[in-house]
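*Asks:* Here you go, one structure.
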Amino acid sequence: MRAVQALTVVLLLIAIAWGGAALIPAVFAVAVPYLALAVFLLGITLHILAWARVPVPFKIPSVCGQQRSLPWIRQQRLESPFTSWQVAGRMALEILLFRSLFRNTRSVLTPKQRLVYQPDKVLWLGALAFHWSLLVIVLRHLRFFLQPIPRSIQLLSALDGVFQLLVPTLLITDVLILGALLYLLGRRLFNPLVRYVSLPADFFPLLLILGIAITGILMRYVDKVDLTAVKELALSLTVFHPTVPHGLSPLFFIHLFLVSSLIAYIPFSKLMHVGGVFLSPTRNLPNNNRARRHINPWNHPVPVHTYAEWEEEFHDKLKAAGIPMEGDD
Amino acid sequence: MYDAGKIVPGLVLFLAVVTFPFWLNVANGTSSAAPKLELPKGYTRCVEATPVMRATHMELLNRWRDLAVRHANRVFTNSNGQRYVRSLTGTCLGCHRDKKQFCDRCHGYMGVTPYCWNCHVAPKGGAQ
């Protein structure tokens, strides 16, 4: 049901793009992408700045390795970092290779009703395939935004199509991202535990990106798009002299509108993990609590009355009553 | 704000990377005009209609290659019933004499590198 809600929204977006682009192409080719990019940039900036205003009261790295100790005990530098460079290494491992997801386990009941935990690398592999494919696909799309196209982007596209299967060449990332998205979606639909905790906000980005990938592949193989017209539009948007060339198909407008929806949606959704991963105190702090004191920036100046001050205040009375004092004699 | 010394430069870097096609193209004064093709003089139509050729020439050439090289089937009949020889160098380049003025314009613009020229010798170009 929650998946159906998300699917309804995606289908609604497709219908809006289809109908809208036929009536007012300039709005959907120019105004919508500009607006979406503005929302994306401003939204991410404000969101990060809002996070930056939140203090970190404690140094709370959650580590899974031997911390720096005596010289003859080997420290696990990437699992339990002590210096800033080691933290950078740990962050890179997390951001580029999803180290924490690699530890993913699943609980299974054996036939004898014993609960055991097994390593579950499939989610890690699926997440890795999805995110890296998405990155390569975004970089490949730079060919629409740069003239001349840099050698590195051409090389990346050539590597992506290295198998030289089909015409136009089948791109590895297209296959990978479809497979990964279907796995990630299937996991939420068919694994009862994951389905129980899945919200429409979990299904929506998956279905939206699936829609983007499918429309992109359709434009390459089925309803072929006029690439020069698309590049003309893209370049004209980047130099702020938007022109809407002829020959842009409804499928292209759907693709563009779904991408615009996605980037405008990022700052308000779980997709903000793109910025949040950098600001996770459990990951971006060094495990050096014993060596360096972490001052809680949240500490308010609290008016305190110490025992020494109290004793000083009632010094004479205490003395007269013959009560033993710490500060005297 | 806490850790502004790290967060603000990171944010600025992110914004710069995301928007770099904008400032790069504005700084270079990149023209958004699509490439102009030099069409063969005296012809109004390729082996199929222009929109069909524009969208599916790569599929047509791939099919031609397979049929000619693997099945020795060299006669192509188009949708109007006209016959052509299935040959890149003979038929295509017979009219489109200069690869640089035709093929490479769009392929260069879009970063497409077809592997036709791994086997075929590109013509020198120019009218004969």
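*Asks:* Could you pull out the trypsin sites (Lys or Arg not before Pro) across region A:23-89 that fall in loop regions by DSSP (anything but H, G, I, E, B) with no more than 11 other Cβ atoms inside 10 Å?
*Replies:* Answer in residue order: A:Arg53, A:Arg74.
*Asks:* Hand me the tally of lysine pairs in chain B: alpha carbons under 27 angstrom apart, and the pair either on different chains or 8 or more positions apart.
*Replies:* Total qualifying Lys-Lys pairs in chain B comes to 8.
*Asks:* In addition: List the chymotrypsin sites (Phe, Trp or Tyr not before Pro) within region B:6-103 that DSSP assigns to loop and that have no more than 10 neighbouring Cβ atoms inside 10 Å.
*Replies:* In loop regions of region B:6-103 (DSSP not H, G, I, E or B), the sparsely surrounded chymotrypsin sites (Phe, Trp or Tyr not before Pro) are B:Tyr43.
*Asks:* Also, I was wondering about something else. Run the numbers on region A:231-280: which residues show a drop of 40 Å² or more in accessible area, chain on its own versus all protein chains together, using a 1.4 Å probe over heavy atoms?
*Replies:* So the qualifying set is A:Glu232, A:Leu235, A:Thr238, A:Val239.
*Asks:* ³J(HN,Hα) across region A:53-59 via Karplus (A = 6.51, B = -1.76, C = 1.60, θ = phi - 60°), whole Hz, x for Gly/Pro?
*Replies:* The phi angles translate into 7, 8, x, 10, x, 10, 8 Hz.
*Asks:* Looking at the square roots a ≥ b ≥ c of the eigenvalues of the Cα gyration tensor of region A:160-237, which shape do they give, rounded for a/c under 1.5, prolate if a/b is larger than b/c, or oblate?
*Replies:* Taking the square roots of the gyration eigenvalues as a ≥ b ≥ c, region A:160-237 is oblate.
*Asks:* Which value, in Å² and to the nearest 10, is the accessible area of A:Ser157 when all protein chains are kept and the probe is 1.4 Å?
*Replies:* 30 Å²
*Asks:* Ignoring ligands, DNA and RNA, what percent of the accessible area of the protein assembly as shown is carbon or sulfur (1.4 Å)?
*Replies:* Carbon and sulfur: 66 percent of the exposed surface of the protein assembly as shown.
*Asks:* Enumerate the amide H contacts of A:Arg106 below 5 Å, restricted to partners 5 or more residues apart or on another chain; note that Pro and chain-start residues carry no placed amide H.
*Replies:* A:Gln118, A:Asp120
*Asks:* Per residue, how much accessible surface does chain A expose to a 1.4 Å probe? Answer in Å², no decimals.
*Replies:* 60 Å²
*Asks:* Could you run the numbers on buried accessible area between A and B, total for both chains, 1.4 angstrom probe, in Å² to the nearest 100?
*Replies:* Summed over both sides, the interface buries about 3200 Å².
*Asks:* When only Cα pairs under 8 Å and 6 or more residues apart are kept, what is the percent relative contact order across chain A?
*Replies:* Rounded, it is 31 percent for chain A.
*Asks:* DSSP loop (so not H, G, I, E, B), at most 14 other Cβ within 10 Å: list which GluC sites (Glu not before Pro) in region B:1-97 pass both filters.
*Replies:* B:Glu38
*Asks:* Please express the Cα-Cα pair-distance distribution P(r) of region B:50-118 as a list of whole percents, one per 5 Å bin, running from 0 to the bin with the greatest distance.
*Replies:* The percentages, shortest bin first, are 4, 14, 23, 31, 17, 10, 3.
*Asks:* Ignoring ligands, DNA and RNA, how do A:His305, A:His255, A:His141 rank by accessible area with a 1.4 Å probe, largest first?
*Replies:* Of A:His305, A:His255, A:His141, the descending order of accessible area is A:His305, A:His141, A:His255.
*Asks:* Further question: In region B:1-23, what residues drop by 10 Å² or more of accessible area when the other protein chains are put back, versus the chain on its own? Use 1.4 Å, and skip ligands and nucleic acids.
*Replies:* B:Met1, B:Tyr2, B:Ile7, B:Leu11, B:Phe14, B:Leu15, B:Val18, B:Thr19, B:Phe20, B:Pro21, B:Phe22
*Asks:* OK, next. Can you name the helices of chain A, as whole DSSP H runs, whose Cα span along the helix axis is 15 Å or more and whose Kyte-Doolittle mean is not below 0.0?
*Replies:* Helices meeting the criterion: A:2-23, A:32-52, A:84-97, A:122-140, A:172-190, A:200-221, A:227-238, A:250-265.
*Asks:* About its Cα centre, what dipole magnitude does chain A give when the only charges are +1 on Lys and Arg Cβ and -1 on Asp and Glu Cβ, stated in debye to the nearest 20?
*Replies:* The calculated dipole for chain A is roughly 1320 debye.
*Asks:* To continue, here is another question. What 222 nm value per residue comes from the helices of chain A, counting each DSSP H run with n ≥ 4 as -39,500 (n - 2.57) and dividing by all residues, nearest 500 deg cm²/dmol?
*Replies:* Taken over chain A, the calculation gives -17500 deg cm²/dmol.
*Asks:* For an R0 of 41 angstrom, estimate the FRET efficiency from the Cβ-Cβ distance between B:Val18 and A:Trp298 and round to the nearest 0.05.
*Replies:* 0.80
*Asks:* Take the protein assembly as shown, compute every pairwise Cα distance, and split them into 10 Å bins from 0; I just need the percent in each bin.
*Replies:* Pair shares across the bins are 3, 14, 21, 21, 15, 10, 6, 4, 2, 1, 1, 1, 0.
*Asks:* What FRET efficiency, computed as 1/(1 + (r/R0)^6) with R0 = 25 Å and r the Cβ-Cβ distance, is obtained for A:Ala15 and A:Val175, rounded to the nearest 0.05?
*Replies:* Result of the calculation: an efficiency of 0.35.
*Asks:* Would you mind working out the accessible area per residue for region B:35-86, using a 1.4 Å probe, and quoting it in Å²?
*Replies:* 75 Å²
*Asks:* Going Cα to Cα from A:Lys270, which aspartates and glutamates come in below 16 Å? Please leave out same-chain ones fewer than 8 positions away.
*Replies:* A:Asp202
*Asks:* By what distance, in whole Å, do the Cα atoms of region A:152-297 stretch along each of the three principal axes, largest value first?
*Replies:* Largest to smallest, the principal-axis extents are 64, 44, 32 Å.
*Asks:* Another one. Compute the whole-percent fraction of alpha carbon pairs in chain B spaced more than 18 Å apart.
*Replies:* Distances greater than 18 Å cover 66 percent of the Cα pairs.
The values are calculated or read from the model by the stated rules, or taken from the named source; none is laboratory data. Model, not experiment: these values are computed from the prediction. Reconstructed Cβ throughout: ideal geometry from the backbone, glycine too, with neighbour counts over all protein chains shown. All accessible areas refer to the heavy atoms of the entire protein, side chains included, with ligands and DNA or RNA removed. Shrake-Rupley method; radii C 1.70, N 1.55, O 1.52, S 1.80 Å.
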